[in-house]
Structures are given as C-alpha cells and as structure tokens.
Amino acid sequence: MLVSEVMLQQTQVDRVAPRWERFLARFPTPAATASAGVAAVIDEWAGLGYNRRAVALHAAAVTCVEQHGGALPDDLDGLLALPGVGPYTARAVLAFAHHADVGVVDTNTGRVLARLAGRQLRAAEAQQGADASVPEGHGWEWNQAMLDLGAAVCTKRSPSCADCPVRRWCAWQGGPDEDPAAGSAGVSVGQARFEGSDRQGRGRLVAALLEQGALAADDLAEVAGWPDDVGRASRVAAGLVADGLAADDGDGGLALPR
C-alpha cells in the first residue's frame, strides 16, 4: 500500500499500475527493498519522475527493518516518522489498508471541504474537518466516497452542483463568489513547465547515471541538455547529491549512490 501511495503522489494511475506490480515483484518486502540498495531502487523507479521519492522509499524500508522488525508501522505516528511519508500518505495507508477512522485529504477532498466551508482552509483545519467527518467504523467507505465526490462531482472546473448529494450543506454551491478551494489546504496547483526546467535536466542526469554508472564533470552540462551553461548543470548536479540521488565522485562528477 505504501509503495502505491508514494508512486501516486506525483504520477497518474495509468502509469503507476504496471510499475507498481513490477516494483513489488522485484522488491516484495521492506527487507528486500532495504537490502537492494538505493541505486537499485532508483533504477526500478526510472521513468516515474520525482526520483527523490525512490530515495525516500528506500530510506523508509531501511527504517522499517531497523526499527519495526521489517514490517510497516500500522499507527499514525509510526507512519509519519518514515522518510517521505506525510499526512496524506500516512492516513491513506491507515484508511485503505487498515480501515481506520481517519480522514484522507488529497486535492479532491480538500476541494470539497473548502467549498463546504465556503472559505479557504488551513492545513490543520482541513485535516481536523476530514477526521471529524468520518463515521465510526466506516473509514474505508467514507474516504472512497469523498475522493469520488471530488473527482466526479465537485470537480475543479464545471462542478455538478445541481446533482451534488451534499449541496444542502455547501456554503458555496457554485455561486458567483470566488471559488474558496483556490489556494486552500490540500488543493493542488498547476506545475511549472517541464520542458527546459531543472527537473528535466535532473532526469537526464539520473537516466545517464543509471545507464553508465558515472558521469565526468566535463560531461554534466552536455548530458543535462545545457551545453552552454556549465554553472546550471553543476548546481543541478549538486542538488542530486544533496537529495541522495547521486554521489560526488571527488572530481566534480557524479556516481551512483551506494
């Protein structure tokens, strides 16, 4: 469950489904993930984007082995203590894997909560509202319903307010006032352009590392796609090292992390 939720943090379901199955076939347990090493996990992750998630997932597996006997924690504090696991991911695991009575706040649920309240919500308000709304003993069903409501009815554009089953309790009801969901906690915003971005250059460097095992300092700018901007390539390469996606080879180049 944790693997799928981490994959889904920044990647669409249709891309995640086959990669999730492949990942679990290669790394079926936290112990298998931890012992494989971070480079192997990054390699399996290649193509999903936001490779820092792979580093965090490996670190979480190591924590599970070292502190939880190789098992994934089944309580909120334990899950939140894992690298790369935030409030949404922790509660999603509890609600959907353990049927716990916790509220899951993603961009769809956050949009519903803000519109119901008729105002932007802070993160703590949105989470408290979500948790408080879960009927006792129905955490799995309630969260599925809230996610579906936001995805299919209370959509970002052209919400079907007339057909909404919670219209009577909605303070906004698709009125002329500014949408309270804009900028509210949990509601995603548009991503910056990928083409020509640092993210694209990072991806090129990681892909080349996985293929070649190492990159010399003189090759970084060319591989990143900025042959005339050595400074930018060096900065992005340093970011990869800081994020645990690469190691400094001692001469300004990059090597795979151990």
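The values are calculated or read from the model by the stated rules, or taken from the named source; none is laboratory data. Nothing here was measured: the structure is a model prediction, and the numbers come from that model. Neighbour counts run over all protein chains shown; Cβ positions are idealised from the backbone, glycine included.
Values as computed for the structure displayed
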| quantity | calculated |
| --- | --- |
| Selection from region 204-252 of residues that are surrounded by fewer than 18 Cβ atoms within 10 Å (Cβ to Cβ), in a loop (DSSP other than H, G, I, E, B) and in contact (Cβ under 8 Å) with a residue 12 or more places away in the chain | Gly213, Ala216, Gly225, Asp243, Asp249, Asp251, Gly252 |
| Residues (more than 13 Å from Glu44 (Cβ to Cβ) and of a type outside the set (Val, Ile, Thr)) located in region 1-29 | Met1, Leu2, Ser4, Glu5, Leu8, Gln9, Gln10, Gln12, Asp14, Arg15, Ala17 |
| Conditions (1) under 28 Å from Ser188 (Cα atoms); (2) part of a helix (DSSP H, G or I); (3) in contact with a His (Cβ under 7 Å, 6 or more places away or on another chain): number failed by Asp74 | (2) |
| Residues that are charged (D, E, K, R) and over 24 Å from the mean Cα position of the chain (by Cα), drawn from region 244-258 | Asp248, Asp249, Asp251 |
| Filter result for Asp43 (surrounded by 15 or more Cβ atoms within 10 Å (Cβ to Cβ), outside any loop (DSSP other than H, G, I, E, B) and either in contact with a Gly (Cβ under 9 Å, 6 or more places away or on another chain) or not aliphatic (A, V, I, L, M) (or both)) | yes |
| Output for region 185-236, where each listed residue is within 30 Å of Gly150 (Cα to Cα) and either at pLDDT 95 or above or among the aliphatic types (A, V, I, L, M) (or both) | Ala185, Val187, Val189, Ala192 |
| Qualifying residue in region 119-135 (condition: among the small types (Gly, Ala, Ser), in a loop (DSSP other than H, G, I, E, B) and out of contact with any Gly (no Cβ under 7 Å at 6 or more places or on another chain)) | no |
| Test: Arg167 is among the basic types (Lys, Arg) and either over 27 Å from Gln12 (Cα atoms) or over 21 Å from the mean Cα position of the chain (by Cα) (or both) | yes |
| Ala81 vs. criteria modelled with pLDDT under 95, closer than 21 Å to Glu5 by Cα and not hydroxyl-bearing (Ser, Thr, Tyr) | no |
